[in-house]
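Report on the structure given below.
The values are calculated or read from the model by the stated rules, or taken from the named source; none is laboratory data. From a predicted model like this one, the values you see are computed outputs, not experimental measurements. Here the Cβ is made from the backbone with ideal geometry for all residues, glycine too, and neighbour counts use every protein chain on show.
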Amino acid sequence: MSKVDIDNLPEQAPTLALSNKFIPSRYALSLSIFPEKPNFTGTLQITLDENSQFTFGSTDSNDDKFEITLNSAELITTSAHIISESSNINSKLKSKLNKQQQTVTLSSSEITFTELSKSTSPIILKITYIGVLHKTLTYADYTKGIFKTTYTDPKTGKVSCHLVSTHSLPSFSKFIFPCLDDLHIKVPIKLSLTTPIHFTCVSVGSIVNTEVISETTKTVQFEETPKMSVSVFAFTCGDLDYLESTVKLPSNSELPVRVLTQKGESKRGFYALEVIKESLPIIEQKFGVAFPLPKLDLVALPFLSDGGVENWSVIQILNEHVLTPGWDVTELKLKETKSRIQNIVIHELVHMYVGDYVTFDSFDYTWFNEAFATFMASAILAELGHEKLWLEKTVSDIVNLKRAQSLKETKPIFVAHVSTDSTQSTLEKEAYEKGIYLTRMLGNLFCENGVPNDNFDNLFKAIGDFIEANKYGSFKLIDLWNYLKTHKLNKFQFDIPTIMNSWIRLPGFPIVQVSEVSKDGEITLTQNRVLRAKDDSIENVPFQIPLFVHLANGKIGKQLLNDRSLKISAADAEPYLTFNANNTVIATLQYTLSQYQAIAANFTKLSDIEQCQVLIDISSILGSQYQTNDDIIGFFTIMATIAPDCKKISIEALNLSVTILNNITKSNLTVAYKQDPTLFTKLTQWNTKLATLLISQFDWSSDKTNYAAMSTAELNARTQILSLDYTNAESCAICKTLYKNLIHGPKSSVPKRFLPPVLSTIQANASVKDYKEISKLIKNPGLIVANVIEPNSQTDIQTSAIGSLGFVTSRELRNKTLNYVQTNLDVRMVELALLGFKFQGECAELVFGWFKLHFKELYGRVLRDNRKGEDSFVRFFQHLVELVCELCLSFGGSLVVKLEKFLKERDLEVLDDLYERAKVVFEGKVRLSSKDQALLKVFDESKF
């Protein structure tokens with residue numbers, strides 16, 4: 001590591017909001033913008049007031065000489081004057097630029113602060129300057145300050161249309177005009193733009209006057225804004241079309257709204273306009289606060305580095321994020337596009353209140369600013385018809401979040417002094433995602449009657465009251481927590497600051513282990529931070545966990561776990577279904593076997609989210625350091641209970657349960673094949689019966705089943721059911737029909753998700769003819785692509801066809817697969833052809849023998865390969881070695897001895913490392929045993 005020269009470190013950027021004796025109280029900005037030129041010119045008049053927060057300086061007499069330092073980047077000051085009519089002052093100022101700190105200091109050796117303090121008229125700082133129009137032609141060109149681009153005129157076909165816009169967040173206003181580019185300095189801004197006469201202009205304020213200067217030039221004057229942060233100041237001008245309408249708001253105002261686009265694109269903005277009209281009244285109603293500005297514009301831009309920016313009343317969003325396609329697309333694609341538009345538009349509308357009307361005083365709180373906007377947008381979308389939104393997030397986003405948060409390297413949400421080089425640098429993705437669900441927990445604390453039901457109106461009303469009390473102001477997050485703590489809608493008097501700060505300041509999330517009921521009738525709850533790998537060096541600080549208990553009688557109990565453990569007395573220990581009702585808290589709940597049995601017996605009494613939460617918790621525990629035998633038996637008990645009438649539970653829970661079962665059975669059948677024949681027989685029979693039972697409860701006939709209209713959750717569940725047993729008679733019959741449709745039609749008859757189980761099932765029972773037919777699809781997926789429901793499925797067909805090659809069961813075809821891999825090493829993802837062998841213990845010796853035979857050639861290619869990333873042969877080699885090692889470990893016995901002898905003879909560090917990695921994976925798998933009588937009892941007593 002190179003030594004740091006501490007004597008030559010750059011100076012720390014000054015805190016200008018505190019170090020200036022006078023600060024802006026108003027900006028009047030006039031800009032002249034002509035995109036053919038590389039620069040723009042500006043005239044700025046800043047009204048100055050004494051700074052009540054001034055804290056820096058000394059007693060030196062020179063300190064009384066007027067001086068002010070402003071943020072300024074790529075701006076050249078051509079003149080600067082300080083003016084006070086009442087004091088008869090109009091003095092020229094010296095200008096000193098600091099490029100490193102991106103500031104300009106304006107000073108006078110004649111004018112003093114004492115003189116200015118006596119002024120009875122406004123003190124005006126007048127600056128003329130030149131700035132840069134940043135050329136933006138590709139997505140690689142970062143947008144900041146004022147940027148310009150050109151595009152093709154749809155009528156003439158020539159690149160003659162111009163578009164100029166701004167990007168101020170997080171701290172790029174200093175590229176537009178000299179200012180205090182500081183979040184909590186909120187002052188009015190009055191703008192005028194001089195542009196080509198045909199330009200359409202839009203900014204924060206409404207247009208109050210347009211003056212024609214010449215045949216080619218005009219000046220547009222905008223209404224002065226309310227107090228605002230310069231970080232959300234914006235304007236756009238250029239060759240633009242727009243759609244306009246009005247929206248009736250609950251505050252009884254008629255708000256003009258527009259969507260502005262490039263020429264010829266306005267029709268594509270119709271849906272975004274409809275989203276604004278539908279959702280803005282809901283936002284105003286939920287906050288109980290009138291929309292603070294007299295108009296709202298949304299500008300679709302071809303380039304914008306942040307994708308979407310919440311400028312006050314002039315929202316900017318990247319074209320592909322906010323415009324519907326201007327070409328024919330499938331119904332599914334259009335639905336996905338509209339969903340994305342809804343999310344981003346409502347998100348930005350929420351920012352008009354939280355972020356703009358009231359503003360966090362530091363970018364350290366960007367995580368909550370963004371998380372809250374996404375959270376509220378999600379809540380509104382749930383009301384607008386997306387009823388399963390929080391359920392879908394539970395089974396996807398929260399699962400991924402927990403996986404990431406279980407690493408010891410995980411940071412807490414709050415990190416002080418974040419970089420403001422870009423908006424992305426102010427926000428950690430994991431902090432934002434965790435913040436969404438932490439805000440959901442907060443919202444459920446405010447639910448009516450203490451029932452966490454994802455109705456967040458009380459929280460929104462309380463935050464609306466906070467907005468009204470602090471409008472046009474800036475605040476710290478603790479100010480909001482303290483306000484919510486004492487708000488009347490916090491009916492159960494939760495200590496909001498303590499609870500929220502616990503989750504913000506601590507990394508990760510907890511596992512809560514629920515004990516059996518003791519002889520005294522007590523239940524003990526114990527919490528620990530979840531870690532993927534045990535590490536005693538990691539501090540295990542307890543979280544403040546507000547637990548909502550779903551009681552057996554349907555009511556909701558409440559417990560606060562604020563220490564390592566909590567004893568619930570016999571008087572309070574009522575029969576319960578789950579200790580995390582509605583999955584309110586980001587936590588994993590672990591129960592004992594008797595509790596899992598009670599959950600299984602009452603599974604249909606749980607909400608859809610709770611059903612999924614129980615299964616997700618079990619899934620995250622299995623194979624981890626927290627796993628006990630109770631968790632394994634508990635899962636099989638739940639599975640055996642829900643299978644006979646699986647449609648009584650949510651389709652999402654069914655998908656989760658069968659997915660978990662697939663993972664457990666496939667890995668255990670491989671090991672049991674050689675090492676535990678009794679378990680192999682019992683588990684195989686049970687799995688086959690279960691597959692038959694589940695298959696029988698669904699209609700699979702293509703003439704009666706509309707797969708194209710089927711939900712993603714049901715398609716996923718059906719895919720997992722077909723994947724349970726590739727030799728099951730009923731499954732084989734269904735897959736043969738689907739395979740016939742796939743090969744011969746009709747068009748759009750087979751869902752893309754069915755490709756892996758259908759092709760793998762055919763291969764498990766394949767003839768040489770079938771094998772060759774599927775192999776053709778690897779090179780020619782277009783042969784059947786028209787018969788797949790989803791368009792552009794060529795890659796999915798190829799991947800599924802390659803992956804199916806390892807599920808063949810005859811020795812002849814297994815050899816063909818190994819030969820295919822050997823002769824197609826340059827085919828991307830070719831290692832997938834070997835994946836099916838992992839689940840066939842009898843293949844272990846065959847695959848190991850093939851690997852030994854070709855090792856020299858394979859390793860030679862590794863040494864010669866210079867490629868990186870997905871196409872690297874090294875990546876293929878690593879996957880191959882790990883697969884072979886896992887297969888040998890699963891087979892056990894003499895094959896492990898042979899493997900270790902082979903590795904020792906080669907004496908290669910890379911092989912030893914990959915073997916160790918394979919052992920970690922192998923040892924982390926869930927283990928079943930025929931010696932476990934409780935498990936065998938579940939198999940024997942299952943009612944199917």
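Odds and ends about this structure:
- Matching residues in the stretch 569-620 - criterion: being in contact with a Leu (Cβ under 8 Å, 6 or more places away or on another chain), of a type in the set (A, V, I, L, M, F, W, C) and under 17 Å from Ser515 (Cβ atoms): Leu577, Phe579, Ala598, Ile599
- Set Ile123, Ile127, Ile83: member being in contact (Cβ under 8 Å) with a residue 24 or more places away in the chain and in contact with a His (Cβ under 9 Å, 6 or more places away or on another chain): Ile127
- Filter result for Ala431 (among the hydrophobic types (A, V, I, L, M, F, W, C), more than 21 Å from the chain's Cα centre (by Cα) and surrounded by 14 or more Cβ atoms within 10 Å (Cβ to Cβ)): no
- Entirely in the stretch 563-627, the strands (runs of 3 or more DSSP E) that have 1 or more residues that are touching a helix residue (DSSP H, G or I) at 6+ places or on another chain (Cβ under 9 Å), touching a residue at least 24 places away in the same chain (Cβ under 8 Å) and over 24 Å from Gly435 (Cα atoms): 576-578
- Test for Glu336: is it without any contact (Cβ under 8 Å) to a residue 40 or more places away in the chain, surrounded by 22 or more Cβ atoms within 10 Å (Cβ to Cβ) and part of a helix (DSSP H, G or I): no
- Taken as a whole, the structure places Thr217 among residues that are closer than 15 Å to Gly238 by Cβ, surrounded by fewer than 23 Cβ atoms within 10 Å (Cβ to Cβ) and more than 36 Å from the chain's Cα centre (by Cα).
- Scanning the stretch 817-838 for residues that are among the β-branched types (Val, Ile, Thr) and without any contact (Cβ under 8 Å) to a residue 12 or more places away in the chain yields a single hit, Thr823.
- When the test is whether a residue is among the β-branched types (Val, Ile, Thr), over 30 Å from Phe147 (Cα atoms) and out of contact with any Gly (no Cβ under 6 Å at 6 or more places or on another chain), Ile68 does not pass it.
So that you can scan it fast, the table gives a plain yes or no per residue for (1) within 35 Å of the chain's Cα centre (by Cα); (2) under 27 Å from Cys885 (Cβ atoms); (3) assigned to a helix (DSSP H, G or I):
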{"position": "Ile774", "(1), (2), (3)": "no, no, yes"}
{"position": "Ser800", "(1), (2), (3)": "yes, yes, yes"}
{"position": "Val821", "(1), (2), (3)": "no, yes, yes"}
{"position": "Glu831", "(1), (2), (3)": "yes, yes, yes"}
{"position": "His854", "(1), (2), (3)": "no, yes, yes"}
{"position": "Val862", "(1), (2), (3)": "no, yes, yes"}
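- From the options Ser87, Ser30, Ser91, Ser95, residue that is in a loop (DSSP other than H, G, I, E, B) and over 39 Å from the mean Cα position of the chain (by Cα): Ser87
- The condition of being among the polar types (S, T, N, Q), surrounded by fewer than 15 Cβ atoms within 10 Å (Cβ to Cβ), over 26 Å from the mean Cα position of the chain (by Cα) and closer than 22 Å to Asp361 by Cβ holds for Asn482.
- Restricting Thr128, Thr114, Thr120, Thr143 to residues that are in a strand (DSSP E or B), of a type in the set (Val, Ile, Thr) and assigned by TED's automatic domain parsing to the domain that holds Thr166 narrows the list to Thr128.
- Identity of the residue in the stretch 139-158, of a type in the set (S, T, N, Q) and free of Cβ contacts under 8 Å to residues at least 40 places away in the same chain, that ends up surrounded by the most Cβ atoms within 10 Å (Cβ to Cβ): Thr152
- With respect to being over 20 Å from Leu401 (Cα atoms), in contact with a helix residue (DSSP H, G or I) (Cβ under 9 Å, 6 or more places away or on another chain) and outside the structural domain of Lys408 (by TED's automatic domain parsing), Thr524 falls outside the description.
- Listed conditions (1) within 14 Å of Lys476 (Cα to Cα); (2) at pLDDT 95 or above are all met by Asp361, apart from (2).
Every residue, every condition in (1) crowded, with 23+ Cβ neighbours inside 10 Å; (2) more than 22 Å from the chain's Cα centre (by Cα), yes or no:
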{"position": "Pro294", "(1), (2)": "no, yes"}
{"position": "Leu298", "(1), (2)": "yes, yes"}
{"position": "Phe303", "(1), (2)": "no, no"}
{"position": "Gly308", "(1), (2)": "no, no"}
{"position": "Val314", "(1), (2)": "yes, yes"}
{"position": "Pro325", "(1), (2)": "no, yes"}
{"position": "Glu331", "(1), (2)": "no, yes"}
{"position": "Phe363", "(1), (2)": "no, no"}
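- In the stretch 278-323, the residues that are in a helix (DSSP H, G or I) and either outside the structural domain of Ser339 (by TED's automatic domain parsing) or closer than 30 Å to Asp153 by Cβ (or both): Asn319, Glu320, His321, Val322
- Note on the stretch 485-497: residues that are in a loop (DSSP other than H, G, I, E, B) and either of a type outside the set (Lys, Arg) or buried (at least 16 other Cβ atoms within 10 Å of the Cβ) (or both) total 7.
- Only residues that are without any contact (Cβ under 8 Å) to a residue 40 or more places away in the chain and either more than 39 Å from the chain's Cα centre (by Cα) or buried (at least 17 other Cβ atoms within 10 Å of the Cβ) (or both) were counted in the stretch 686-696, giving 2.
- On inspection, Ile649 fails the criterion of being under 21 Å from Arg532 (Cβ atoms) and touching a helix residue (DSSP H, G or I) at 6+ places or on another chain (Cβ under 6 Å).
- Test result for Thr359, farther than 30 Å from Gln611 by Cβ, β-branched (Val, Ile, Thr), crowded, with 20+ Cβ neighbours inside 10 Å and out of contact with any Gly (no Cβ under 7 Å at 6 or more places or on another chain): yes
- Test: residue in the stretch 538-549 that is in a strand (DSSP E or B), at pLDDT 95 or above and either in the same structural domain as Lys393 (by TED's automatic domain parsing) or surrounded by fewer than 18 Cβ atoms within 10 Å (Cβ to Cβ) (or both): no
- Among residues of the stretch 41-84, those that are at pLDDT 95 or above, over 16 Å from Thr105 (Cα atoms) and over 47 Å from the mean Cα position of the chain (by Cα), counted: 2
- Checked against (1) over 18 Å from Phe287 (Cα atoms); (2) buried (at least 18 other Cβ atoms within 10 Å of the Cβ); (3) within 25 Å of the chain's Cα centre (by Cα), Leu442 meets all criteria but (1).
- Within the stretch 262-276, residues that are within 15 Å of Leu384 (Cβ to Cβ) and touching a residue at least 24 places away in the same chain (Cβ under 8 Å) have Cβ atoms under 8 Å from residues that are of a type outside the set (Val, Ile, Thr) and surrounded by fewer than 19 Cβ atoms within 10 Å (Cβ to Cβ) in these pairs: Tyr271/Lys338, counting only partners at least 6 apart in sequence or on another chain.
- Taking the criterion of being of a type in the set (S, T, N, Q) and either surrounded by 24 or more Cβ atoms within 10 Å (Cβ to Cβ) or in contact with a Phe, Trp or Tyr (Cβ under 6 Å, 6 or more places away or on another chain) (or both), the residues of the stretch 167-190 that qualify are Ser168, Ser173.
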